[in-house]
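Engineer: Just passing along the structure, written as structure tokens.
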Amino acid sequence: MDWTEHYTKTAENFSLQMNFIHTLQEQTKHIRNLRVLDFGAGPIPHTVSIYGRLQEDQETIVAYDPELTISSPSSENTFEPEVKWTNRAPTGETFHLVICNFSLHHAGGDLNSIIKRLASYSPEMIGITDYDFTQATREDFERTFISQQEIKELNTFFRGDLQACFDYHRRLGLNDFKRGLQESGFNLVASKPGDKIAQYKFFLIGKRG
Ligand SMILES: C[S@@+](CC[C@H](N)C(=O)[O-])C[C@H]1O[C@@H](n2cnc3c(N)ncnc32)[C@H](O)[C@@H]1O
């Protein structure tokens with residue numbers, strides 16, 4: 001792949017993510033002092049944290065990831081003052097919005113139970129981006145699972161075993177996520193698939209009914 005192709009493909013993924021963020025901004029604009037939980041935010045604190053940063057008067061972004069290795073309170077805030085990075089689930093706290101950006105398929109266990117646990121944070125909304133490879137062939141997977149992070153995941157978690165990586169990522173699809181939200185009392189307010197290289201990705205937003 002030459003570098004222009006790489007950026008075109010990145011752009012298609014990025015476009016879905018931006019669409020997700022803009023939709024979340026629209027859906028949360030009525031909420032003052034917005035409190036957001038970024039669930040499975042990533043193992044390394046990063047400076048951008050755009051998925052949680054939605055409104056100017058926002059109160060909180062808690063970026064939770066069980067794999068986060070930096071845990072001392074002073075270093076937690078070094079990278080981004082408005083983002084509280086933690087590797088401890090914020091049990092007992094409440095949030096207006098829980099965002100799961102490509103994290104739920106990694107959370108293990110039964111999807112409905114995980115979403116029920118998210119509901120215990122009393123969110124008005126849950127926003128999810130994830131994969132639906134349920135109708136895809138292995139060739140489709142190989143052609144589209146190509147972002148830097150995906151290649152890293154293929155090589156680290158699956159030791160380069162494409163079939164194992166494909167089997168893992170096609171366990172769940174859009175309908176499973178929709179059902180999980182609905183079973184926890186969240187009605188769909190937005191749902192969109194990606195385009196081209198991002199065609200096996202989607203975002204979903206559920207609002208408490
Ligand atoms: C593909 S990464 C996505 C990271 C980040 N949200 C992003 O968009 O770059 C999946 C993340 O899910 C996290 N994860 C794994 N098990 C989890 C669990 N039980 N609860 C929450 N997050 C989990 C992993 O540590 C990993 O950082």
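The values are calculated or read from the model by the stated rules, or taken from the named source; none is laboratory data. Just so you know, these numbers come straight off a predicted model, no measurement behind them. Reconstructed Cβ throughout: ideal geometry from the backbone, glycine too, with neighbour counts over all protein chains shown.
Engineer: Cβ contacts < 6 Å: first residue over 23 Å from A107 (Cα atoms), restricted to region 49-69; second residue part of a loop (DSSP other than H, G, I, E, B) and away from the ligand (no atom under 13 Å from the Cβ), any location; separation 6+ or different chain. Result?
Structural biologist: Q55/L34; Q58/L34; E59/N33
Engineer: If we keep just the residues of region 105-147 that are within 14 Å of the ligand (Cβ to nearest atom) and touching a Gly at 6+ places or on another chain (Cβ under 7 Å), which is farthest from G209 (Cα to Cα)?
Structural biologist: Only one residue fits best here, namely H106.
Engineer: Report yes if some residue within region 79-89 is crowded, with 17+ Cβ neighbours inside 10 Å, farther than 21 Å from L54 by Cβ and of a type in the set (F, W, Y); otherwise report no.
Structural biologist: no
Engineer: Which one of these is touching a Leu at 6+ places or on another chain (Cβ under 6 Å) and surrounded by 13 or more Cβ atoms within 10 Å (Cβ to Cβ): K178, K201?
Structural biologist: Going through K178, K201 in turn, the sole match is K201.
Engineer: Answer with yes or no whether T134 is surrounded by 16 or more Cβ atoms within 10 Å (Cβ to Cβ), of a type in the set (V, I, T) and within 27 Å of I21 (Cα to Cα).
Structural biologist: Here the answer is no, as T134 does not meet what is asked.
Engineer: Do we find a residue being more than 24 Å from P66 (Cβ to Cβ) and buried (at least 20 other Cβ atoms within 10 Å of the Cβ) anywhere in region 106-129?
Structural biologist: Scanning region 106-129 turns up no residue that is more than 24 Å from P66 (Cβ to Cβ) and buried (at least 20 other Cβ atoms within 10 Å of the Cβ).
Engineer: Is there a residue in region 44-54 that is away from the ligand (no atom under 12 Å from the Cβ), over 26 Å from E153 (Cα atoms) and either in a helix (DSSP H, G or I) or modelled with pLDDT of 95 or more (or both)?
Structural biologist: No, every residue in region 44-54 fails to be away from the ligand (no atom under 12 Å from the Cβ), over 26 Å from E153 (Cα atoms) and either in a helix (DSSP H, G or I) or modelled with pLDDT of 95 or more (or both).
Engineer: Right, another one. Can you tell me which residue is nearest to F145 (Cα to Cα) among those in region 6-27 that are β-branched (V, I, T) and within 17 Å of the chain's Cα centre (by Cα)?
Structural biologist: Looking only at region 6-27, we keep the residues that are β-branched (V, I, T), and these are 8, 10, 21, 23.
Those still in the list that are within 17 Å of the chain's Cα centre (by Cα) too: 10, 21, 23.
Working: T10: 11, I21: 22, T23: 24 Å.
The selected residue is T10.
Engineer: Shifting gears a bit: Pull up region 88-103, narrow it to residues that are of a type in the set (S, T, N, Q) and more than 24 Å from Q17 (Cβ to Cβ), then point me to the one that is nearest to the ligand (Cβ to nearest atom).
Structural biologist: Of everything passing the filter in region 88-103, T91 is nearest to the ligand (Cβ to nearest atom).
Engineer: Would you mind listing the strands (runs of 3 or more DSSP E) fully within region 105-209 where at least 3 residues are farther than 30 Å from H30 by Cβ and without any contact (Cβ under 8 Å) to a residue 24 or more places away in the chain?
Structural biologist: Filter on region 105-209 gives an empty set.
Engineer: Also: For the list (1) within 26 Å of G194 (Cβ to Cβ); (2) part of a loop (DSSP other than H, G, I, E, B); (3) among the basic types (K, R), I need the number of the one condition that R88 fails.
Structural biologist: Only one criterion in (1) within 26 Å of G194 (Cβ to Cβ); (2) part of a loop (DSSP other than H, G, I, E, B); (3) among the basic types (K, R) is unmet by R88, namely (1).
Engineer: Hey, can you tell me all the residues within region 123-152 that are at pLDDT below 95 and closer than 18 Å to P43 by Cα?
Structural biologist: Hits for region 123-152 are S147, Q148, Q149, E150, I151, K152.
Engineer: For the condition at positive phi and more than 16 Å from the ligand (Cβ to nearest atom), what is the one hit in G173, G160?
Structural biologist: G160 is the lone residue from the list that is at positive phi and more than 16 Å from the ligand (Cβ to nearest atom).
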